[in-house]
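Only one structure is covered here, and it is reproduced in the block below.
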Amino acid sequence: MRQNDSGFDTRLVHAGAHEDPLHSVVTPIYQTSTFGFANAQEGADCFAGKADGYIYTRLGNPTTRSLERCVADLEEGCDAVATSSGMGAVNTVYMALLDQGSHVVSTASVYGPSRGLMETHYSRFGVASTYVDTSDLSALEAAFRPETRLLYVESPSNPCMQVTDLEAAARIAHAHGALLVVDNTFASPFLQKPLRFGADVVLHSVTKFINGHADVVGGIVVAREPGILKRLRSMMIATGCNMDPHQAFLVHRGVKTLSLRIERAQLSALQIASWLEARPEVAWVRYIGLPSHPQHELARRQMSGFGSMIGFELVGGLEAGRRLMDRVELAVLAVSLGGVETLIEHPASMTHAGIPREEREKAGITDGLVRYSVGIENVEDLIRDLQQALAG
Ligand code: LCS
């Protein structure tokens with residue numbers, strides 16, 4: 001992957017651009033399942049890897065390649081593999097990089113299904129996993145076993161906004177002969193570049209900030225080294241979780257405004273989090289931009305901004321949280337995050353309901369926790385909406 005020295009925002013707009021013979025400004029949607037060969041020899045050469053042509057959309061498609069090159073450039077990796085969903089990306093990583101008998105150390109408060117896939121399904125094939133607060137480096141190190149192959153870190157984590165020291169995590173993983181995988185969905189490459197800290201693989205649910213418009217589900221995996229990328233691509237192709245060209249077109253359109261969207265949303269998030277923290281109805285607020293966040297200083301060093309995700313609990317706990325979610329009128333009561341619309345949800349009964357209650361509480365996902373994803377609306381309107389919902 002060619003790295004150039006342009007600024008991040010320039011690369012957002014131009015990286016991965018497709019060289020089109022008709023000079024289209026935007027990469028067109030190659031809505032085709034298959035590609036013709038000029039002759040039998042060319043077909044054989046493409047299959048043998050001796051020629052570069054496209055063969056079949058599950059194996060590769062110019063619209064999808066354009067997005068892959070763009071995100072690989074933004075994350076400063078060697079290349080990327082786009083997948084049908086974020087969970088497709090998670091599964092591609094697990095399946096490509098683990099063997100029977102492998103062990104995984106993972107962040108306790110990862111997105112519920114990333115944990116559920118491991119505990120419910122990979123356990124059937126002899127893969128073991130341990131969940132720890134990876135922001136606690138001694139707990140992280142103590143969880144390693146001789147057969148640990150992956151350290152899987154979500155930072156900031158969903159929904160507890162725990163921040164893990166990625167440089168230390170990479171050092172510990174590598175000292176134990178394991179790879180570091182970082183789910184960078186909550187930060188996006190605008191705020192955090194895990195490969196710079198030594199991570200081997202970065203993945204995203206592009207459904208969130210990268211696409212940013214709540215109209216596509218998708219995923220992507222970026223690797224530091226071509227050897228790892230090759231294993232990831234081969235697994236994506238084998239399991240058939242490729243990103244469709246129409247999906248890729250929309251995501252590539254969305255990513256161009258990543259900086260603008262996050263800059264705006266994180267300004268509002270800081271105002272909203274500070275406002276919530278001062279309200280008597282609010283028991284506590286978790287926002288990494290507030291000095292009260294336990295890893296605020298680490299986030300300041302490791303990230304270039306604090307993002308737009310807020311967790312909080314009301315003094316009245318679960319019941320008060322439910323009333324608030326029922327009363328908001330502007331924020332949409334819906335799962336997902338990272339889009340232009342502000343969303344509110346209840347992790348314990350929604351995104352993380354699949355994790356047993358005791359495990360949820362150990363991971364910090366209390367029953368009263370409310371998750372709020374700040375969009376790009378006027379911040380005064382969002383605060384007025386929360387105010388009327390709290391007062392009601
Ligand atoms: N990783 C993280 C950190 C996520 O938040 C999600 C989805 C995924 C992976 C999976 O991606 P998907 O397959 O949905 O594209 N998180 C969701 C959430 O918090 N609410 O709804 C989906």
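Could you work out what % of the accessible surface of segment 3-255 is carbon and sulfur, using a 1.4 angstrom probe and leaving DNA, RNA and ligands out of the count?
53
In sequence order, what are the phi-derived ³J(HN,Hα) couplings for segment 109-126 according to the Karplus relation 6.51 cos²θ - 1.76 cosθ + 1.60 with θ = phi - 60°, rounded to whole Hz, with x for glycine and proline?
Karplus values, whole Hz, x for Gly and Pro: 9, 5, 3, x, x, 5, 7, x, 4, 5, 6, 8, 9, 5, 4, 5, 10, x.
Using a 1.4 angstrom probe on heavy atoms only, work out the carbon and sulfur share of the accessible area of segment 258-391 in %.
Numbers: 3080 of 5810 Å².
Looking at segment 258-391 in its full context, I get 53 percent from C and S.
Which is farthest toward the positive dipole end of segment 3-255 among Ser109, Gly219, Ala48, measuring Cα position about the Cα centre, with Cβ charges +1 (Lys, Arg) and -1 (Asp, Glu)?
Ala48
Can you tell me which lysines have their Cα less than 22 Å from the Cα of Lys208? Leave out same-chain residues fewer than eight positions away.
The reachable lysines, counting only those whose Cα sits under 22 Å from Lys208, are Lys193, Lys256.
Tell me, what is the per residue accessible area of segment 96-239 in Å², probe radius 1.4 Å?
33
What percent of all Cα-Cα pairs in segment 66-163 falls in each 10 Å bin, counting up from 0?
Once binned at 10 Å, the Cα pair distances of segment 66-163 give 15, 42, 35, 8, 0.
With unit charges on the beta carbon (Lys/Arg positive, Asp/Glu negative), name the residue among Leu324, Met350, Leu179 whose Cα is farthest towards the positive pole of the charge dipole of the chain.
Leu179
May I ask for the longest run of the chain untouched by trypsin sites (Lys or Arg not before Pro) that are loop-located per DSSP and have at most 12 neighbouring C-beta atoms (other than their own) within 10 Å?
Counting only loop sites that pass the neighbour cut-off, the longest clear stretch is 51-392.
Sum -39500 (n - 2.57) across every DSSP H segment of at least 4 residues in the chain, then divide by the residue count to get the 222 nm mean residue ellipticity, nearest 500.
-11000 deg cm²/dmol
Please list, ordered by chain and number, the residues whose modelled amide H lies under 5 Å from the amide H of Gly218; skip anything fewer than 5 residues away on the same chain.
Hits under the 5 Å cutoff: Gly86, Val206, Thr207.
With only Lys, Arg, Asp and Glu charged, each at its Cβ (+1 for the first two, -1 for the last two), find how big the charge dipole of segment 144-204 is about the Cα centre; round to the nearest 20 debye.
Details: 5 positive and 6 negative charges, 21 e Å.
Charge dipole of segment 144-204: 100 debye, to the nearest 20.
Could you tell me whether segment 258-391 comes out rounded, prolate or oblate from its Cα gyration tensor? Rule is a ≥ b ≥ c as square roots of the eigenvalues, rounded for a/c under 1.5, then prolate if a/b exceeds b/c, otherwise oblate.
Verdict is rounded for segment 258-391.
Among DSSP bridges having both ends in the chain, what percentage is antiparallel? Round to the nearest 5.
55
For segment 258-391, with only Lys/Arg (+1) and Asp/Glu (-1) charged at the beta-carbon, what is the dipole magnitude about the Cα centre, in debye rounded to 20?
On the way: 14 positive and 18 negative charges, 63 e Å.
The calculation lands at about 300 debye.
Cross-link partners among lysines for Lys50, C-alpha distance below 29 Å, same-chain residues fewer than 8 apart left out?
The reachable lysines, counting only those whose Cα sits under 29 Å from Lys50, are Lys230.
Give me the accessible area per residue for segment 258-391, probe 1.4 Å, as a whole number in Å². Please list the in-between numbers first.
Details: 5810 Å² over 134 residues.
It amounts to 43 Å² per residue over segment 258-391.
Who wins for biggest fluctuation among Glu225, Glu263, Glu341 in a Gaussian network model of the chain, springs between alpha carbons below 10 Å?
Fluctuation is largest for Glu225.
Based on a Kirkwood Rh over C-alpha pairs, give the Stokes-Einstein translational diffusion coefficient of the chain at 20 °C and viscosity 1.002 mPa s in µm²/s.
99
The values are calculated or read from the model by the stated rules, or taken from the named source; none is laboratory data. From a predicted model like this one, the values you see are computed outputs, not experimental measurements. Don't worry about glycine lacking a Cβ; one is built from the backbone with ideal geometry, like all the others, and counts go over all protein chains shown. Ligands, DNA and RNA are excluded from the accessible area calculation, which covers all protein heavy atoms including side chains. Shrake-Rupley method; radii C 1.70, N 1.55, O 1.52, S 1.80 Å.
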